[in-house]
1. Hey, does the range 49-66 have a residue that's of a type in the set (A, V, I, L, M) and closer than 22 Å to Met124 by Cα?
2. Go through the range 88-120 and count every residue that is farther than 22 Å from Glu39 by Cβ and either at pLDDT below 95 or away from ligand 2 (no atom under 13 Å from the Cβ) (or both).
3. Can you run down the residue pairs with Cβ atoms below 8 Å, 6 or more apart or on separate chains, where the first is in the range 214-240 and in a loop (DSSP other than H, G, I, E, B) and the partner is open to solvent by 60 Å² or more (accessible area, probe 1.4 Å) and at pLDDT 95 or above?
4. Asp119 - would you say it is closer than 27 Å to Arg194 by Cβ, in a helix (DSSP H, G or I) and open to solvent by 10 Å² or more (accessible area, probe 1.4 Å)?
5. With the checklist (1) under 24 Å from Ser148 (Cα atoms); (2) away from ligand 1 (no atom under 16 Å from the Cβ); (3) not in a helix (DSSP H, G or I) in hand, flag the one item Ser70 doesn't pass.
6. Do the conditions hold for Phe99, that is, is it open to solvent by 60 Å² or more (accessible area, probe 1.4 Å) and among the hydrophobic types (A, V, I, L, M, F, W, C)?
7. Step by step: first the residues of the range 180-197, then only those that are outside any loop (DSSP other than H, G, I, E, B) and open to solvent by 10 Å² or more (accessible area, probe 1.4 Å), then the one that is farthest from ligand 2 (Cβ to nearest atom). Which residue is that?
Amino acid sequence: MIHLKTDEEIELLRENNILVSKTLAEVGRHIRPGVTTLELDRIAEEFIRAHGAVPAFLGYEGYPASLCISVNEQVVHGIPSSKCVLKEGDIVSVDCGTFMKGFVGDSAYTFAVGEVSEDVRQLMQVTKEALYKGTAQAKAGNRVGDVSAAVQEYSESFGYGVVRELEGHGLGRKMHEDPGVPNYGARGRGPLLREGMVICIEPMITMGTKAVVFERDGWTVRTRDRKPAAHYEFAVAIRKSGPDVLTDFSIIEQAINN
Ligand code: MF3
Ligand code: CO
């Protein structure tokens, strides 16, 4: 069942997603060679709580941390660990969720650790651009398949893999609401997008095969060929005026570009 949101509810979702953006910016400021992913998780949890919210991932279906931090060939749901030390040239996808005032925020961003190779830089750029292409289709009267196809076509035009096993979702009082938002599909197919819907669009794009493996820790998803993957996620409200992005990557990009 799809829950349509009022303007007031959309503002509460925006508050959450801005806090997620600020948290990702704070995490981004600490990403450098030598830092552990557990240290980043602690920074995020403290930041979220200091701003009157609760980490939405912590305890979700038993998940043990506040962030998902996925390094290089890890696609999503990497568990922060004191044993995971970041090094120059890594890429690190950080997924963050908050809960406050009855609503959830959920967004993700892929960061470079120092200088990364040109091909990895392009994977990151294309994945972010795929998110923007999908977002442009998130308007009333379109269907979920229009978003999905835009993400898929753009990503595959670079020869990249589009992960099939995981998808975006509706966002509201719960982190995962209907409809599912796959990163592949056909234009004109799938659920109709209507004013008041809020969806998370989250391309997970790989440099090699689209096939993934679920690790035995019960969470981590990695590429089968161990080539790198990138992941960016927006929360978007469908408004009369068009797509209203509730996440703000400019907060993150200002933090890491200095
Ligand atoms: N942010 C993820 C998503 O977009 C969910 C994280 S899984 C959790 O669906 F268990 F960590 F919460
Ligand atoms: Co999500």
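The values are calculated or read from the model by the stated rules, or taken from the named source; none is laboratory data. Owing to the predicted nature of the structure, the values given are computational and were not obtained by experimental measurement. Glycine gets a Cβ as well: all are built from the backbone with ideal geometry, and neighbour counts include every protein chain shown. Only protein heavy atoms, including side chains, enter the accessible area calculation; ligands, DNA and RNA are left aside. Shrake-Rupley method; radii C 1.70, N 1.55, O 1.52, S 1.80 Å.
1. Applying the first criterion (of a type in the set (A, V, I, L, M)) to the range 49-66 yields 50, 53-54, 56, 58, 65.
Retained after the next criterion (residues that are closer than 22 Å to Met124 by Cα): none.
The answer is no; no qualifying residue exists.
2. Counting residues in the range 88-120 that are farther than 22 Å from Glu39 by Cβ and either at pLDDT below 95 or away from ligand 2 (no atom under 13 Å from the Cβ) (or both) gives 9.
3. Short answer, once both residue conditions are applied: Thr220/Phe214; Lys240/Glu195.
4. Working: closer than 27 Å to Arg194 by Cβ: no; in a helix (DSSP H, G or I): yes; open to solvent by 10 Å² or more (accessible area, probe 1.4 Å): yes.
In short, no.
5. (2)
6. Values: open to solvent by 60 Å² or more (accessible area, probe 1.4 Å): yes; among the hydrophobic types (A, V, I, L, M, F, W, C): yes.
Yes, satisfied.
7. Step one: filter the range 180-197 for residues outside any loop (DSSP other than H, G, I, E, B), giving 180-181, 192.
Narrowing further to those that are open to solvent by 10 Å² or more (accessible area, probe 1.4 Å): 180, 192.
Numbers: Gly180: 11, Leu192: 21 Å.
Ranking the qualifying residues of the range 180-197, first place goes to Leu192.
Yes or no, residue by residue, for (1) in contact with a Lys or Arg (Cβ under 9 Å, 6 or more places away or on another chain); (2) within 21 Å of Ala112 (Cα to Cα):
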{"position": "Met197", "(1), (2)": "yes, no"}
{"position": "Gly208", "(1), (2)": "yes, yes"}
{"position": "Thr223", "(1), (2)": "yes, yes"}
{"position": "Glu233", "(1), (2)": "no, yes"}
{"position": "Ala237", "(1), (2)": "yes, no"}
